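Worksheet for the structure shown next.
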Amino acid sequence: MQMAHVDGILFDFGGVLASEGYRRGLRAIARANALDPDAFEKTAEAQIFLSGYLTGHAHEAEYWRRLREQTGISGGDAELRGMILRHFTLRNWMIDLVRGLRGRVKLAILSDQTDWLDELEARFGFFRYFDHVFNSYHTGKSKLDPSAFDDALRVMGIPAPRALFVDDRIGNIERAASRGLQTLHYRGKKDFMEAFLPFRQGLERP
């Protein structure tokens, strides 16, 4: 197996470093309100972007206001937020992998998250394992905009062909590839470990 050489690795958060708590939380909210989970998830994902909350241009209250208006869900903001955040669980084996990479390569989180990511950091304390954290709520740009990858690499100081991006959403993978990054589509631990092996070997070379 040929080694793959990179100078930086960018990891998605929900769905890669942690379980996909956002989607699971949305579906839990839908079930609690006797709504179709698929339809509710689709509406919620659209509104977190359209409301401006995802990119820090609106507060959380506006997001929930829109969802209540469109879907009829009940519950206060804190209650609904809690239903989502409780579904996020760090993948300890992935954090262990990241810790083992420190000092060998530049490490970053590149996540489409709101200020909820800051709350999760306060709970789990994982930012310290990364050189950079790019969160759409603070950068003002989500991965739906391909230039978000350019921005992150500029800060990290590495060229796109020398960067690896890991995400569980194929659309994000395709946009990263369009900017010249190497990519790895996360579809489960076994598949990931096999696909990541050439990169690990490249980082462990003398």
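Okay, residues lined up against (1) outside the structural domain of PHE126 (by TED's automatic domain parsing); (2) over 22 Å from the mean Cα position of the chain (by Cα):
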{"position": "GLY14", "(1), (2)": "no, no"}
{"position": "ILE29", "(1), (2)": "yes, no"}
{"position": "GLU41", "(1), (2)": "yes, no"}
{"position": "ALA44", "(1), (2)": "yes, no"}
{"position": "LEU54", "(1), (2)": "yes, no"}
{"position": "TYR63", "(1), (2)": "yes, no"}
{"position": "ARG68", "(1), (2)": "yes, yes"}
{"position": "GLY72", "(1), (2)": "yes, yes"}
{"position": "GLY76", "(1), (2)": "yes, yes"}
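Please verify whether the range 74-90 includes one or more residues that are assigned to a loop (DSSP other than H, G, I, E, B) and surrounded by 18 or more Cβ atoms within 10 Å (Cβ to Cβ).
Among the residues of the range 74-90, at least one is assigned to a loop (DSSP other than H, G, I, E, B) and surrounded by 18 or more Cβ atoms within 10 Å (Cβ to Cβ), which makes the answer yes.
Only one of PHE134, PHE127 is over 21 Å from ARG179 (Cβ atoms) and either touching a residue at least 60 places away in the same chain (Cβ under 8 Å) or touching a strand residue (DSSP E or B) at 6+ places or on another chain (Cβ under 6 Å) (or both). Can you tell me which?
PHE127
Residue by residue, here is whether (1) in a helix (DSSP H, G or I); (2) surrounded by fewer than 17 Cβ atoms within 10 Å (Cβ to Cβ); (3) in contact with a Lys or Arg (Cβ under 9 Å, 6 or more places away or on another chain) holds:
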{"residue": "ALA30", "(1), (2), (3)": "yes, no, no"}
{"residue": "LEU35", "(1), (2), (3)": "no, no, no"}
{"residue": "PHE40", "(1), (2), (3)": "yes, no, yes"}
{"residue": "GLN47", "(1), (2), (3)": "yes, no, yes"}
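Go through the residues of the range 22-35 one by one and say whether even a single one is of a type in the set (Ser, Thr, Tyr) and either in contact with a Ser or Thr (Cβ under 6 Å, 6 or more places away or on another chain) or more than 28 Å from ALA177 (Cβ to Cβ) (or both).
no
Any residue at all in the range 150-168 that is touching a strand residue (DSSP E or B) at 6+ places or on another chain (Cβ under 8 Å), farther than 14 Å from LEU10 by Cβ and modelled with pLDDT of 95 or more?
no
Between residues in the range 176-190 that are under 14 Å from SER147 (Cβ atoms) and residues that are of a type in the set (A, V, I, L, M), which pairs lie under 6 Å by C-beta distance while being six or more apart or on different chains?
ARG179/ALA160; GLY180/ALA160; LEU181/ALA160; LEU181/ALA163
The values are calculated or read from the model by the stated rules, or taken from the named source; none is laboratory data. None of these values were measured; they are calculated from a predicted model. All Cβ positions, glycine included, derive from the backbone under ideal geometry; neighbour counts span all protein chains shown.
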